[in-house]
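Worksheet: one structure, shown below.
Just so you know, all these numbers are worked out from the coordinates, no wet-lab data involved. Just so it is clear, the model here is predicted, and its values are computed rather than measured. Cβ: placed from backbone, ideal geometry, glycine included. Neighbour counts: every protein chain shown.
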Amino acid sequence: MRLWQNPASPFARKVRMVIRETGLTARVEEIATAVSPVSPNADLAKYNPLVKIPALQTDGGDVLYDSSVICEYLDTQHAVTRIVPDGAARWNALRLQSLCDGILDASVLCRYETAVRPEQYRWNDWVQGQFGKIRNGLDALAAEAPAWGAQFNIGQIGAACVLGYLDFRFADENWRGSRPQLAQWYESVKTRASMVATAPV
Ligand code: BEZ
């Protein structure tokens with residue numbers, strides 16, 4: 001399999017963590033891919049019409065996107081504990097993944113708005129609106145983190161990617177300040193081999 005990814009992308013990190021948590025590292029070639037909202041990557045455009053990473057080419061030649069679809073596919077390719085659980089736990093894990101994807105969508109949009117968009121076009125009220133979503137989402141994660149225990153399914157992997165991305169791009173946000181239980185949970189997972197190997201650069 002081939003994975004187009006960028007080492008700064010939190011969505012690519014989610015997939016890269018799943019690869020490592022499920023022992024699939026030797027089966028996936030990771031292709032570092034430059035991405036830009038204004039000059040689409042011509043090579044990636046041949047495989048994903050949205051020109052977004054992550055995108056995964058299966059051994060059969062199909063190309064899958066986005067990160068949640070890729071993670072579900074990877075879960076069919078290994079024989080260890082499922083990353084997307086079956087039964088009743090499935091819906092809670094998928095909901096948690098969606099919550100984390102939404103926080104990441106808002107975070108990446110803020111990153112582009114504050115670091116890429118020319119200064120004269122920036123819109124502070126819009127950025128604050130996105131930060132409202134990020135903070136509400138973090139409060140929701142903080143409320144449920146004490147119940148996670150040792151679980152590390154697609155929901156917790158998403159949460160780890162959210163917190164890692166905020167530390168990477170928005171360290172001034174101090175998300176830990178009012179959310180000590182979420183901070184405690186993050187401390188307990190950030191030294192996992194899958195986290196260390198995929199730390200953003
Ligand atoms: C970033 O540099 O923050 C970034 C890179 C690729 C995708 C998303 C975010």
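State the answer as a single residue: which of 153, 74, 123 lies farthest towards the positive end of the charge dipole of the chain, with beta carbon charges of +1 for Lys and Arg and -1 for Asp and Glu, about the Cα centre. The one lying farthest along the dipole's positive direction is 153.
Altogether, the Stokes-Einstein calculation at 4 °C and 1.567 mPa s, with the Kirkwood radius of the chain over Cα pairs as Rh, returns a diffusion coefficient of 74 µm²/s. Counting only Cβ charges, +1 for Lys and Arg and -1 for Asp and Glu, the dipole size of the chain around its Cα centre is about 180 debye.
Relative to the Cα centre, the charge distribution of segment 10-118, modelled as +1 at Lys and Arg Cβ and -1 at Asp and Glu Cβ, gives a dipole magnitude of about 260 debye. Scanning residues 5 or more positions from residue 30 or on other chains, those with amide H under 5 Å from its amide H are 3, with H placed 1.01 Å from N in the peptide plane. A protection proxy built from the mean count of other Cβ atoms within 10 Å ranks the segments 11-24, 97-110, 29-42, 144-157, most packed first, as 11-24, 97-110, 144-157, 29-42. Taking a straight Cα-Cα cut-off under 15 Å and skipping sequence neighbours fewer than 8 places away in the same chain, the aspartates and glutamates within cross-link reach of residue 190 are 21, 167.
If R0 is taken as 22 Å, the Cβ-Cβ distance between residue 38 and residue 170 corresponds to a FRET efficiency of 0.50. Give me the net charge for the shell around residue 142: Cβ to Cβ below 11 angstrom, other residues only, Lys and Arg +1, Asp and Glu -1. The answer is +1. Here's the list of aspartates and glutamates a cross-link from residue 52 could span, going by alpha-carbon distance under 14 Å and ignoring same-chain residues fewer than 8 apart: 43, 66, 105. Here is what passes the span test in the chain: the DSSP H helices with alpha carbon length of 27 Å or more along the helix axis and a Kyte-Doolittle mean of 0.0 or above are 88-115.
Where only DSSP H runs of four or more residues are counted, the chain gives -16500 deg cm²/dmol as its mean residue ellipticity at 222 nm, each run worth -39500 (n - 2.57). Note on segment 88-192: Kirkwood radius taken over Cα pairs, Stokes-Einstein applied at 10 °C and 1.306 mPa s, translational D equal to 111 µm² s⁻¹.
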